[in-house]
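The values are calculated or read from the model by the stated rules, or taken from the named source; none is laboratory data. What you see is a predicted model, and the numbers here were worked out from it, not measured in a lab. With ideal geometry, Cβ positions are generated from the backbone for all residues, glycine too; neighbour counts draw on all protein chains shown.
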Amino acid sequence: MLKTDDSTKIRLLPEDVIGRIAAGEVVERPAAVVKELLENSIDAGSRSVSIDVDDGGLSLIRVTDDGEGMSRQDAIRAFQRHATSKLRSDADLWSIRTMGFRGEALPSIAAVSHVRLLTATRSDEVGTKLDVVGGLVGNMTDAPPVVGTRIEVTALFEHQPARKKFLKSAPTECTHIIRVVQQAALAWPAIQFRFTQNAQELLNYPTVRSERERIAQVYPRAFLDHGLPLHDGQTGASLTGYIIDAVHAKPSRIPQELFVNRRPVRSLTVSHAVGEGYGSFLPRGCHPRFVLFLDVDPERVDVNVHPTKREVRFSDNEFIHQLVRRAVRQRLSGGVGAPGRDDIEVSERATPHVAVSWPDSSGMTRSRPTETTVLPQPGPEIQLAFVSEAAEPYVRVPAGEVVALGQINRTFLVAQVGGDLVVVDQHTAHERVLFERLYRTWTARSLQAQPLLLPDPLDLSPDHVALILRYQEELGKLGLEIEPFGATTVLLRSTPVGLGPVDPKVFLEDLLEDLHQWERVPALEARVRPVLASLACHGAVRAGRSMQLDEIKMLVEEWRSEGEITTCPHGRRTSFRLSTDDLEKMFGRAGW
């Protein structure tokens, strides 16, 4: 018989402490509660799920479904640790086909909160209401026989102040919950999902018939407009979904969604395979964006490697890697959906004959007409507009002076700078100019806003409206006055002084991608720079616009005044230079 005394160091923990430790692995924040409850609702065969929270889930989380419900006996048993209807033996761990399986969700949630359960099955004449406080089952009474389950969670972390102090603000916690709901919606398009915060509906995804229709509900239309459908597979695994056309890749990683057997997960194997598939197709500084659904034989994947099932392990990583890499590479290099030159330029092509304004050194805005006489061309591929030869062509240009020579394909400016020949990308160079001025003005805390004459109402998803309103004050300091105009509409009322015309809809799409990164970037400067870069990009002169020689000269001079930086804020090249020595060597004049 084991003898114990006061010197014993190893002791059994009390049951309530064991429950709280288990809860700490599963319940990190309100979004984790929502995730676990949603998975139970999905496994219950629900066709409609409603999620209601107050104060970002800190005051209330309520999940209501129309699934199969529970009997009274099962309702009590559901709050016991490791009680589950989804496993019968350890062999079942290697063929998991359900979202939940450990029997940890409800007892873990109940250990750190107050839980009220209302449930009924189709055969019940009366339903069940059960209260559980701090993991202890309390009152059980009759309830209306409404088929399905409703679980209300209150006082989350009330008795765990150390855990509670690490939670973020209510808007931040709400953002995490929104992501959980969106991931569930993407994985299960045949289920309706509805989400409210403080009684205001933020998400409502009616049942749809396809992944494409659900993606269109969750993400801006631009993702599908520039997305390429994937469909590939081999024995034991299949891959479907959408990847972004490499031409429209951006520095943002949103979205990068992976679902393995309908479970949202992270996988270094798949992420690496996607990157390998893009390879050299991807512009520098940009990332793949995708929503992928990987269905794998359950016996070839292990989801039991992380307390919250966020990660998976494949029995054959190389097989999965090759499948994903090949599917992405073939889709990017294939015939259907492959981008042509018109696709490449459309994002920077402006409407012809629209005045473009540039800020001068005083901060004022100068507008110049864009109509230019272009010389007749033998074909549409390349357009040249060079000036006639000067009266004194052999007089050396003073050092540093800019002589505008012309424009190639309404995109590249050609100029002589001192003794050098310089070719400048009109969009990226102007983008760099605007960015440097915006950043300099913001650093001096003197950035001012210019009101838009006719602000157009812009329809956004409710979660995107919430994201913008969350940072409304910070955006105002950048000259961006954005205000709500109803539950799903906003108005862009102002932009910083010195920008040219900005397409509000396209700009807000980029702005939302920047804002998604803000929570992970605490440094103010690191937050601001991408937004200013987006503003500069949208305010800069576009490729495809004809420019007069005085405009060319002005833009090249302004680019030089900012230091002749060779990349735009997004890393794209601004210029190419050939010195007099380079030219002499090229033409064999060196050493004459």
Checklist outcome for this item: The condition of being in contact with a Pro (Cβ under 6 Å, 6 or more places away or on another chain), under 16 Å from Val528 (Cβ atoms) and charged (D, E, K, R) holds, among Asp510, Asp514, only for Asp514
Item to check | Count of residues meeting criterion [under 20 Å from the mean Cα position of the chain (by Cα) and surrounded by 18 or more Cβ atoms within 10 Å (Cβ to Cβ)] in the stretch 442-474 | outcome: 12
Checklist entry - Out of (1) surrounded by fewer than 22 Cβ atoms within 10 Å (Cβ to Cβ); (2) modelled with pLDDT of 85 or more; (3) out of contact with any Ser or Thr (no Cβ under 7 Å at 6 or more places or on another chain), what's the single condition that is false for Trp94? => result (2)
Checklist entry - Given the structure, is His516 within 19 Å of the chain's Cα centre (by Cα) and under 25 Å from Thr172 (Cα atoms)? => result yes
Checklist entry - Quick one: in the stretch 257-283, which of the residues that are under 20 Å from Val218 (Cα atoms) and either polar (S, T, N, Q) or assigned to a loop (DSSP other than H, G, I, E, B) (or both) is farthest from the chain's Cα centre (by Cα)? => result Asn261
Checklist entry - Does at least one position in the stretch 532-552 carry a residue that is in contact with a Lys or Arg (Cβ under 7 Å, 6 or more places away or on another chain), within 30 Å of Leu467 (Cα to Cα), among the charged types (D, E, K, R) and in contact (Cβ under 8 Å) with a residue 40 or more places away in the chain? => result yes
Checklist entry - Does the stretch 136-183 hold any residues that are surrounded by 15 or more Cβ atoms within 10 Å (Cβ to Cβ), part of a loop (DSSP other than H, G, I, E, B) and more than 27 Å from the chain's Cα centre (by Cα), and which are they? => result Pro145, Val146, Val147, Ala155, Leu156, Phe157, Gln160
Checklist entry - Among (1) touching a strand residue (DSSP E or B) at 6+ places or on another chain (Cβ under 9 Å); (2) modelled with pLDDT under 85; (3) under 24 Å from Arg542 (Cβ atoms), which single condition is Thr488 missing? => result (3)
Next on the checklist: Whether any residue in the stretch 442-453 is assigned by TED's automatic domain parsing to the domain that holds Thr489, without any contact (Cβ under 8 Å) to a residue 24 or more places away in the chain, part of a helix (DSSP H, G or I) and more than 18 Å from Ser494 (Cα to Cα) is what I want to check.
Outcome noted: yes
Item to check | Of the criteria (1) surrounded by 22 or more Cβ atoms within 10 Å (Cβ to Cβ); (2) at pLDDT 95 or above; (3) within 28 Å of the chain's Cα centre (by Cα), which one Gln197 fails | outcome: (2)
Checklist outcome for this item: Among (1) surrounded by fewer than 16 Cβ atoms within 10 Å (Cβ to Cβ); (2) among the hydrophobic types (A, V, I, L, M, F, W, C); (3) touching a strand residue (DSSP E or B) at 6+ places or on another chain (Cβ under 8 Å), Ile552 falls short only on (1)
